[in-house]
Amino acid sequence: LRPAGSPQRDAPGAADGLALASDPGGTLNFLAMVENLQGDSGRGYYLEMLIGTPPQALNILVDTGSSNFAVAGVPDPDVTSYFNPELSSTYRSQGIEVTVKYSQGSWTGVLGTDVITMPKGLYGSYTINIATILESENFFLPGVKWHGILGLAYDALAKPSSSVETFFDSLVRQAKIPNIFSLQMCGAGLPVSGSGTNGGSLVLGGIEPSLYTGDIWYTPIKEEWYYQVEILKLEVGGQNLELDCREYNADKAIVDSGTTLLRLPEKVFSAVVQAIARTSLIQEFSSGFWTGSQLACWDRTEKPWSLFPKLSIYLRDENSSRSFRISILPQLYIQPILVIGDNLQCYRFGISSSTNALVIGATVMEGFYVIFDRAQRRVGFAVSPCA
């Protein structure tokens, strides 16, 4: 783990991504966590977890935009596995009902505690608050390969109250790991509704050097609930959108791996669409493509990405008089979805409008290694070699 401002090289003794920590294993082996995720930006990225005694294996969606750890607790037509607390000798119900609503979908369940281990995570087992989902609506979707959700945001968002210790806070306390995790999702340019075999890495307790190139650029976390950041300006094809910076942060800007697309406040969205339409090399585009109701198809030998401009998001730097930009190439926001016949590949627009937030979702995060440095209250972005 590097202090701010130190050169981006490994400290002595931190070779191979090993960092000393006081957990029972004596070391945090970040390499053991490389490629511990599977999934895609359309359906989310998930981690395998073993829950209860004897262990029940479930895939858990990684979500930096919520704060509850919850798993299917009863059979559901869209879920291939679920956690049965009656089969676990270590499960303890707290008898508290909890409901969580997301921008899409919701569930109701019961809070309890149990032990978990992560085959490709931290060494050891930990006692965690866990909600067993008894009813849900539009939460488990057809074809998803995950059976629960790991909310990695702050306890301010935990339901029914912030006194429910979050999964990551429990790990920091019990495993004595540094209060930082990092996330790499590797689905850029790959079909979105594929077999869910695109990889990714969730590194708990630090930063793994092999997962990025160049420097890490940090932006301060404005408020600790979501990972709320401050956006200073947007450019399309190098041209400033010239909106008041308050528009970009209306009414918040967050980094959320559980949101599929790049979501923009309505005013910003329409300005971005106009700018992309103006600068793309395509004359006529039906409005249905921009609103997400239609796909655009090209011959499979053509890659349409060269026809579109890149988008740049400028974030406030830690040194508040500076900013840095993350560039979103068309390969991230023009997303292959489906093949028709032998020779057509169809794409969707990976940006949508939002009524209450700018959300840097999976569409953008797939281009970067993103560091959630809770200890120093900042989010870092570095170029991801898998993009």
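For Lys233, which sequence-distant residues (separation of 5 or more, or a different chain) have an amide H within less than 5 Å of its own amide H, given hydrogens modelled in the peptide plane?
Tyr314
Could you derive backbone 3J(HN,Hα) for segment 170-183 from the dihedral phi with the Karplus parameters 6.51, -1.76 and 1.60 (θ = phi - 60°), listing whole Hz in sequence and x where the residue is Gly or Pro?
4, 5, 4, 6, 7, 8, 6, 8, x, 7, 7, 9, 9, 9
Give, as ranges by residue number, the residues of segment 93-133 whose backbone N falls under 16 Å from the point 7 Å along Cα→Cβ of Asn84.
Label zone hits: 133.
Suppose every K and R has +1 on its Cβ and every D and E has -1 on its Cβ; what is the size of the dipole of segment 38-177 about the Cα centre, in Debye to the nearest 20?
340
What's the center-to-center distance, using Cα atoms, between segment 218-263 and segment 125-163 in Å?
25
Got a number for the accessible area of Ser306? Probe 1.4 Å, square angstrom, nearest 10.
90
Positive end of the charge dipole of the chain (Lys, Arg +1 and Asp, Glu -1 on Cβ, about the Cα centre): tell me which of Ser41, Ile360, Pro77 has its Cα farthest that way.
Ile360
Tell me, what are the semi-axes, in whole angstrom and largest first, of the equivalent ellipsoid of the chain as set by the roots of 5 times the Cα gyration tensor eigenvalues?
The answer is 34, 25, 20 Å, longest axis first.
Given the options Asp373, Asp63, Asp299, which has the most mean-square fluctuation in a GNM of the chain, springs set between C-alpha atoms less than 10 angstrom apart?
Per the Cα network of the chain with a 10 Å cutoff, Asp299 tops the list.
What is the extension gain from Gln174 to Arg377, computed as 0.36 nm multiplied by their sequence separation minus the C-alpha to C-alpha distance, in nm to one decimal?
71.0 nm
Per residue of segment 105-116, what does 6.51 cos²θ - 1.76 cosθ + 1.60 with θ = phi - 60° give for ³J(HN,Hα)? Whole Hz please, x for Gly and Pro, Karplus curve as stated.
Whole-Hz 3J(HN,Hα) from phi for segment 105-116: x, 7, 8, 10, x, 10, 7, x, 10, 7, 8, 10.
Ignoring ligands, DNA and RNA, what percent of the accessible area of segment 38-177 is carbon or sulfur (1.4 Å)?
Reported share for carbon and sulfur atoms: 50 percent.
Might you tell me the accessible area per residue for segment 200-383, computed with a 1.4 Å probe and given in Å²?
Roughly 41 Å² per residue, with all protein chains present.
Take Leu329, project a point 7 Å from its Cα along the Cβ direction, then tell me which residues of segment 337-375 have their backbone nitrogen under 19 Å from it.
Of the residues in segment 337-375, 337, 347-351, 361-370 have backbone N under 19 Å from the label point off Leu329.
Round to the nearest 0.05 the FRET efficiency obtained for Asn343 and Thr291 when R0 = 22 Å and r is the Cβ-Cβ distance.
Efficiency computed from Cβ-Cβ geometry: 0.25.
If you average the alpha carbon positions of segment 29-64 and of segment 327-387, how far apart do those two centres end up, in angstrom?
Going from one Cα centre to the other spans 20 Å.
The values are calculated or read from the model by the stated rules, or taken from the named source; none is laboratory data. Nothing here was measured: the structure is a model prediction, and the numbers come from that model. Note that each Cβ is placed from the backbone with ideal geometry, even for glycine, and that neighbours are counted across all protein chains shown. Calculation scope for accessible area: heavy atoms of the full protein, side chains included, ligands and nucleic acids excluded. Shrake-Rupley method; radii C 1.70, N 1.55, O 1.52, S 1.80 Å.
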